[in-house]
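The structure appears below as structure tokens.
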Amino acid sequence: MNSSADVDLPANEDQEFPVRRVDTVSLKALAHPLRVQILEMLSRYGAQTACSLGELLNESSGSTSYHLRQLAKHDFVREVEGKGTARERWWERPRGAIQITSPELATSPATEEASRLVTREFEHGRQAVLADFMAHGNESLDAEWLHAALISTANARLTADQLARYTHALEAYGHRLLEDIRSEGEQEGARPVQIHLNAFPILGVPASAGGRSRSPQRAQAERAQAERAQPERAQPENAQPGSPERKVP
């Protein structure tokens, strides 16, 4: 499985947009929750100072300043040229995608765990902004913004090759369209927008759900998986239904 951030979609050799494939050293440097959150804030809101990032993340400016310098050592962020002073430096994230998982990184338990941490932090951020939109969008946004937004799900039975062709075509088209819009420059009334594309094989569902029978080995594996997952699904007696935990970076 490939995982990436921002416009950051899985890479292939024919992509027309820059994709950085992190190595072991840079991945380990990124694998800190606050550094991932800093990168996410720069992606969402553009250039920031250590102070403004501290306000966004409820952290001290000393802490964000330190982590910005560490990210800069590995080229995840860079100082904005011609902006700020020696005491107030502005930082931005270079354009392009970051691929944070790969077969090479998965060969080491340490790098595999680092990839999981980075992926998990990015995903927490995605879940939080989507949950916030779903819960409060109607009361916070004008009708034109609500009509412009789209939360869409499609289901299909695909082979791995079909899924690869679908996702690669979507990401290439999406990048070209987004670059065309960005070339128009900053527009009056613009606000930060986050775009998600989720397309993945569903795990833990019997193949028979699509009209095919399971092998005995597959059925046994699925029963074992369900038994292992059972304690995780259990809720305490006083749990409030419909109020999932919100993870906010």
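The values are calculated or read from the model by the stated rules, or taken from the named source; none is laboratory data. All of these numbers come straight from a predicted model, not from anything done at the bench. Ideal geometry is used to build each Cβ from the backbone, glycine not excepted, and the neighbour counts take in all protein chains shown. Ligands, DNA and RNA are excluded from the accessible area calculation, which covers all protein heavy atoms including side chains. Shrake-Rupley method; radii C 1.70, N 1.55, O 1.52, S 1.80 Å.
Note the full-extension length gain between Ala131 and Lys73 as 0.36 nm times their separation in residues minus their Cα-Cα distance, in nm to one decimal. Mind dumping the intermediate values first?
Details: separation 58, 0.36 × 58 = 20.88 nm, distance 3.37 nm.
Going from the current span to full extension adds 17.5 nm.
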Q. In whole Å, what is the distance between the alpha-carbon centres of the stretch 65-105 and the stretch 137-171?
A. 29 Å
Q | 5 angstrom amide H check on Arg21, placed H, neighbours 5+ away | A | Gln99
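Just by accessible area at a 1.4 angstrom probe, what is the order of Val80, Val118 from largest to smallest?
Order by accessible area, largest first: Val80, Val118.
Quick one: dipole size for the stretch 31-86, taken about the Cα centre, charges +1 on Lys/Arg Cβ and -1 on Asp/Glu Cβ, in debye to the nearest 20. Display every interim value, and only then the final one.
Values: 6 positive and 6 negative charges, 20 e Å.
Using Cβ point charges on Lys, Arg, Asp and Glu, the stretch 31-86 gives about 100 debye.
When averaged across all projection directions, what area in nm² does the alpha-carbon convex hull of the stretch 92-147 cover? Spell out each step's value before the answer.
Values: hull surface 24.5 nm².
It is 6.1 nm².
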Q: Could you rank Thr167, Thr107, Thr159 by how accessible they are, 1.4 Å probe, largest area first?
A: Thr107, Thr159, Thr167
Q. Across every pair of different alpha-carbon atoms, what Kirkwood hydrodynamic radius in Å does the stretch 18-63 reach?
A. 11.6 Å
(Q) With a cap of 15 neighbouring Cβ atoms within 10 Å, and only residues DSSP puts in a loop, list the GluC sites (Glu not before Pro) found in the stretch 47-129. (A) Glu88, Glu104
Q: For Lys73, Lys28, Lys83, write out the residues from largest to smallest accessible area, computed with a 1.4 angstrom probe and no ligands counted.
A: Lys73, Lys28, Lys83
(Q) With Kirkwood's inverse mean 1/r over C-alpha pairs for Rh, give me the Rg to Rh ratio of the stretch 40-152, two decimals please. (A) 1.04
Q) To the nearest 0.05, how large is the calculated FRET efficiency for Arg89 and Asn138 if R₀ is 51 Å and r is the Cβ-Cβ distance? A) 0.85
